[in-house]
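Inspection log for the structure reproduced underneath, given as structure tokens.
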Amino acid sequence: MIEKQVNVSRLSSSQPQLPRPRYLVWSGYAVFIWSIAYMLPHLYWALGGRLGLSLLKPSVLELPQWEMINWVASVFLTAAGFLGLAFIYLRKRNFLSWLLLAITLAGCSVAASHGIYGIINRILQMAGVAELESGPFNINEHAYVVWDLVLFEPWFLVEGILLGLVGWSYLNQPRYKQIWLALCILGIIAGLVTGLLGVRFA
């Protein structure tokens, strides 16, 4: 009897894993491509590249730790990219699955709230409702605000959406999907509240 049970367990462990749903594969690759695409300019700047710096806030470029900031960003963005691939290629195991989901939830909350807050804030600054550190918005002096609005902040928002989507696609049961969606919304709200309090995580 024990021999039969051992054989059954061996047979079940040797069976090939069921193929991943197509939407999980697509969302996983989307996270990878989107993250690596944003990592490349950071890596370029970390290596001392100068192209594209005119799109950024001048005071940021004067920071002594500018290159280190880009190295750290490159590491995090690369990790985010491979996180998307992990959902596709790693086998589902209890601890690993929950760890991936926890990291993805944090990333979704931070990135999406960063994007939403940034877009709204930049629109208000351009409309003259909110002032910049150096005074009212002026297109010649504050061109970086426009680039933030049309390029950088939307990247964060899309990254957050993609991370939420890959986590949602990874879960099988409808109840778990609903819980995941609720947690993502709560995380984004928490991120927006911290933004209003003057704390931003990215």
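Quick note: the coordinates plus some simple rules give every number you see, no bench work behind them. On a predicted model such as this, the values are computed, not experimentally measured, just so you know. For neighbour counting, all protein chains shown are included, and Cβ atoms are generated from backbone atoms with ideal geometry for every residue, glycine included.
Of the chymotrypsin sites (Phe, Trp or Tyr not before Pro) found in the stretch 154-199, not one falls in a DSSP loop while having at most 12 other beta-carbon atoms within 10 Å.
Rounded to the nearest 500 deg cm²/dmol, what is the calculated helix-only ellipticity per residue at 222 nm for the chain, with -39500 (n - 2.57) per DSSP H run of length n ≥ 4?
Details: 8 runs with 146 residues, N = 202.
My calculation for the chain gives -24500 deg cm²/dmol from helical runs alone.
With the cut-off at 1.5 for a/c, could you classify the stretch 15-76 from its C-alpha gyration tensor as rounded, prolate or oblate?
prolate
Need one word for the stretch 132-184: rounded, prolate or oblate. Basis is the Cα gyration tensor (sqrt eigenvalues a ≥ b ≥ c); a/c below 1.5 gives rounded, then a/b vs b/c decides. Here the stretch 132-184 falls in the prolate category. From the coordinates of this entry, semi-axes √(5λ) of the Cα gyration tensor in Å is computed, and it appears in [x] 25, 22, 16; [y] 42, 23, 14; [z] 41, 19, 13 under the label [z].
Please find, in a Gaussian network model of the chain (springs between Cα atoms separated by less than 10 Å), the residue of Leu63, Leu181, Leu101 whose mean-square fluctuation is greatest. Maximum among the listed residues: Leu63. Amide H contacts of Leu132: Phe137, each under 5 Å away and 5 or more positions distant or on a separate chain (H built 1.01 Å from N in the peptide plane; Pro and chain starts excluded).
In the P(r) worked out for the stretch 87-164, what percent of Cα pairs fall beyond 14 Å?
Working: 1998 of 3003 pairs.
Percent of Cα pairs beyond 14 Å in the stretch 87-164: 67.
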